[in-house]
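Student: Dumping the structure here so I can ask a few things about it.
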Amino acid sequence: MNSSRDQLSLFLRGPGADALNACRAVLDPVQARLIPAHVTVCREDELGELLSLGTEALAARLQGCPALTLSFGPLERFGGHGVLLPCTAGQSQLDDLRRCLLGRDEVRAQPAHVTLAHPRNPRAPGNTDRLPTLPPAAPWTLSELRWIRQLNGGVWATLARFSLGPAPR
């Protein structure tokens, strides 16, 4: 049976992302192979109607939406051997982007984070009980939203890219 999942995500880029992706490769090589470090904006269960409108409608909804500036804290465990980097500042910006995209004021809470190890994947030898310490990172400005798709559990592919406006000062 063929399965497909779509998401809208913001990918971390630059030297800090390289270090983060290297850490992800140690903690969960399966997840690291499937998708680079990112923040999910909207998951597949929210996107049916929105994606049926197509890329032009998505681009129109994003008109005037600014880039997000997010800060992240120390690594945290979740779901057993899962590991994430929680957002410590900028959550309201993600919430605003979600409202803009979904076209409604009431959207479910979705805490911003970067997944470094997903508990659905086998625990990797590098994913020990002691989490690595990452150097503090400057806030990330995320200015490109991607529509991505995963087929049959494979590598996520980018279907479209959308630029966000300048980050608020």
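Bear in mind these aren't lab numbers, they're just calculated from the coordinates by the rules spelled out. What you see is a predicted model, and the numbers here were worked out from it, not measured in a lab. Positions of Cβ are backbone-derived with ideal geometry, glycine not excepted, and every protein chain shown enters the neighbour counts.
Student: Please compute the modelled spin-label separation between ALA59 and ARG43, points set 7 Å along Cα→Cβ, answer in nm with one decimal.
Tutor: Going from the ARG43 label point to the ALA59 one covers 3.0 nm.
Student: Using alpha carbons only, what's the Rg to Rh ratio of the stretch 57-168 with Rh from Kirkwood?
Tutor: Details: Rg = 16.1 Å, Rh = 16.1 Å.
Result for the stretch 57-168 is an Rg/Rh of 1.00.
Student: Okay, moving on. Obtain the radius of gyration and the Kirkwood radius of the stretch 117-169 from its C-alpha atoms and give Rg over Rh.
Tutor: Values: Rg = 16.6 Å, Rh = 15.2 Å.
Expressed as Rg/Rh, it is 1.10.
Student: What FRET efficiency comes out for VAL30 versus ARG161 if R0 is 25 angstrom and r is the Cβ-Cβ distance? Round to the nearest 0.05.
Tutor: Values: r = 25 Å, r/R0 = 1.01.
Efficiency computed from Cβ-Cβ geometry: 0.50.
Student: Give the long-range amide H neighbours of HIS38: residues separated by 5 or more places, or on another chain, with amide H under 5 Å away, using H modelled in the peptide plane at 1.01 Å from N.
Tutor: HN-HN under 5 Å from HIS38: LEU12, THR115.
Student: Same structure, new question: Do the sum for the chain: with -39,500 (n - 2.57) for every DSSP H run of n ≥ 4, divided by all residues, what is the mean residue ellipticity at 222 nm, to the nearest 500 deg cm²/dmol? List each step's numbers first, then the result.
Tutor: On the way: 5 runs with 48 residues, N = 169.
Theoretical 222 nm ellipticity from helices: -8000 deg cm²/dmol.
Student: Continuing with this model, one more query. To the nearest Å, what is the center-to-center distance of the stretch 8-61 and the stretch 127-145, using C-alpha atoms only?
Tutor: 15 Å
Student: Let's test the formula: R0 of 35 Å, r as the Cβ-Cβ distance of SER92 and SER4. What FRET efficiency results, to the nearest 0.05?
Tutor: Numbers: r = 31 Å, r/R0 = 0.90.
The computed FRET efficiency comes out at 0.65.
Student: ALA67's amide H: which non-local residues (gap 5+, or another chain) put their own amide H closer than 5 Å, with H modeled 1.01 Å from N in plane and none for Pro or chain starts?
Tutor: Those qualifying (amide H under 5 Å, at least 5 residues apart or on another chain) are GLY165, ALA167.
Student: Using 0.36 nm per residue of separation minus the Cα-Cα distance, give me the extension gain between ASN21 and ARG149 in nm, one decimal.
Tutor: Result: 44.1 nm gained on full extension.
Student: To continue, here is another question. Give the share of C-alpha pairs in each 10 angstrom bin for the stretch 1-125, from 0 to the last occupied bin, in whole percents, shortest bins first.
Tutor: Percent of Cα pairs in each bin: 12, 39, 34, 14, 1.
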